[in-house]
Structures are given as C-alpha cells and as structure tokens.
1. Read through the list (1) of a type outside the set (S, T, N, Q); (2) under 25 Å from K114 (Cβ atoms); (3) free of Cβ contacts under 8 Å to residues at least 40 places away in the same chain; (4) in contact with a helix residue (DSSP H, G or I) (Cβ under 6 Å, 6 or more places away or on another chain), then give the number of the only condition that P168 fails.
2. State whether one or more residues within region 135-148 are at pLDDT below 85, closer than 26 Å to L25 by Cα, crowded, with 16+ Cβ neighbours inside 10 Å and in contact with a Pro (Cβ under 9 Å, 6 or more places away or on another chain).
3. Could you list all residues from region 166-192 that are part of a helix (DSSP H, G or I) and either over 19 Å from A88 (Cα atoms) or in contact with a Cys (Cβ under 6 Å, 6 or more places away or on another chain) (or both)?
4. Is there any pair with a first residue in region 151-165 that is under 9 Å from F102 (Cα atoms) and a second that is modelled with pLDDT of 90 or more and of a type in the set (S, T, Y) whose Cβ atoms are under 6 Å apart and which are 6 or more apart or on different chains, and what are they?
5. Only one of (1) surrounded by 14 or more Cβ atoms within 10 Å (Cβ to Cβ); (2) aliphatic (A, V, I, L, M); (3) modelled with pLDDT of 85 or more; (4) within 30 Å of F19 (Cα to Cα) fails for I122. Which number is that?
6. Restricted to region 149-165, and to residues that are small (G, A, S) and in a helix (DSSP H, G or I), which residue is surrounded by the fewest Cβ atoms within 10 Å (Cβ to Cβ)?
7. Among (1) of a type in the set (S, T, Y); (2) farther than 18 Å from N173 by Cβ; (3) surrounded by 20 or more Cβ atoms within 10 Å (Cβ to Cβ), which single condition is T72 missing?
8. Give the residue that is farthest from V91 (Cα to Cα), with candidates limited to residues of region 136-148 that are assigned to a helix (DSSP H, G or I) and not polar (S, T, N, Q).
Amino acid sequence: MPLRMKKTSHHLVITLVVFVFAFTLLLFIAQSLSESSQAQAVVAQFGYLGVVFLGVITGLNAIVPVPAATLTPVFIAAGLTVPLIIAALAVGTLIADFTSFFLGRLSRELILDKHPKIFAFITEFQAKHSRWTFLLVTLYAAFAPLPNEIILIPLGLTGVRFVSLIIPLIIGNIIYQVLLVYSVIGLSKAFF
C-alpha cells in the first residue's frame, strides 16, 4: 500500500474513532441530563424553538459534526414529543443547509477570482451531472454522516437554483432525523 494511501486510511480511522467517541460521550451526557430536573426545565422553557436552534447550530458545525438528535433523551424527558422533535430538528438543519448554500453563492466571485481551476471543475461537473442533483442531494442529506455543507457550498458556487434543492433537502433531512432520533432512543434504552 503506498504511503499516501496508508496515511489517508489512518486519518480516516482516527476521524471515525473520534466521531464515535464524541457521539457516545454526548449520548451518555444526554442520558445523564435527561435525569436532571434542571435540564428538563431548561429544555421545557425553550421547547421546540430551542430544538430548532440546536439543529441550526449543529447543522452548521463542520468541525465536530455531532447531531443535535443525540440529545433526544433530554428532549423526551422534558415532555417534547418524538414527531415534533424530528420536525424541529429537520427545520433547524434546513436553516443551516440554506445558510451553507447561500455562503457558497456569496463566495462565488471570490472562488472564481482566486481559484478559477477549482471553480471551473465544480461548474463543469455540475453541468455534466445536473440531472442527478435531486437524487444526490436527497440521498446525501438522508444517509451521509457528514455535514451537508460538503455538497451545498459547491452547489451554491455553481449557481444551482435554490428552489431546486428545497424538496430534496426536506426529504433527506426528515429521513436523516427520523433514523437518528429513533436510533438514539434505541441506543439509550439498550445501554442506559
């Protein structure tokens, strides 16, 4: 195995271990917080609007992409219902996604001026594969354990119409939140 591939695979393994550790730690913290009457009072005070806000913050966090759904035990203990938790998280994630898309749109001129080859590659790739955008965005938002910014900023750069991304992002984010929330509930019941 070439040295470069070996380093890349080591980085991937380290990243995966860190993510699993962070997710597990946050799940443990969330379970502990769900038993705290103070935490329940804070969540109850902010309600679903607080869940939306957490969805936005975690949706924009590309450095440590730990989803807000890991706090589901706290939300449930505070009296919030699962379907509305999912809806609030999906709305928060959509707001973060649209922010990322518009960040890409606003940086279009900067990238075009500073990195014309990168811009040309992204634009050409998008033009060549535009018929797959709906499916790609839906599947990525639904199943990729990576921040949506990875695809939304380049799509904003290429000038894809924002309206064409709304439906795939809604579908993908709802699927993602349903899977994540029910997984967290299941893991919490199994291990705590």
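1. Just one mismatch for P168, condition (2).
2. Filtering region 135-148 for residues at pLDDT below 85 gives 145-146.
From what's left, closer than 26 Å to L25 by Cα: 145-146.
After this cut, where a residue has to be crowded, with 16+ Cβ neighbours inside 10 Å as well, the list is none.
Looking through region 135-148, none of the residues is at pLDDT below 85, closer than 26 Å to L25 by Cα, crowded, with 16+ Cβ neighbours inside 10 Å and in contact with a Pro (Cβ under 9 Å, 6 or more places away or on another chain).
3. Narrowing region 166-192 to residues part of a helix (DSSP H, G or I): 166-191.
The answer is G186, L187, S188, K189, A190, F191.
4. Note: pairs meeting the criteria are L152/S100; I153/S100.
5. Unmet for I122, out of (1) surrounded by 14 or more Cβ atoms within 10 Å (Cβ to Cβ); (2) aliphatic (A, V, I, L, M); (3) modelled with pLDDT of 85 or more; (4) within 30 Å of F19 (Cα to Cα): (3).
6. Within region 149-165, the subset small (G, A, S) is 156, 159, 164.
Filter again for in a helix (DSSP H, G or I), leaving 156, 164.
On the way: G156: 22, S164: 13.
That would be S164.
7. T72 satisfies all of (1) of a type in the set (S, T, Y); (2) farther than 18 Å from N173 by Cβ; (3) surrounded by 20 or more Cβ atoms within 10 Å (Cβ to Cβ) except (2).
8. The first filter runs over region 136-148 and keeps only residues assigned to a helix (DSSP H, G or I), leaving 136-143.
Pick out the ones that are also not polar (S, T, N, Q) and you get 136-137, 139-143.
Details: L136: 20, V137: 16, L139: 18, Y140: 17, A141: 13, A142: 14, F143: 17 Å.
Per the stated criteria, the residue is L136.
The values are calculated or read from the model by the stated rules, or taken from the named source; none is laboratory data. These numbers were taken from a predicted model, which means no experiment stands behind them. Cβ: placed from backbone, ideal geometry, glycine included. Neighbour counts: every protein chain shown.
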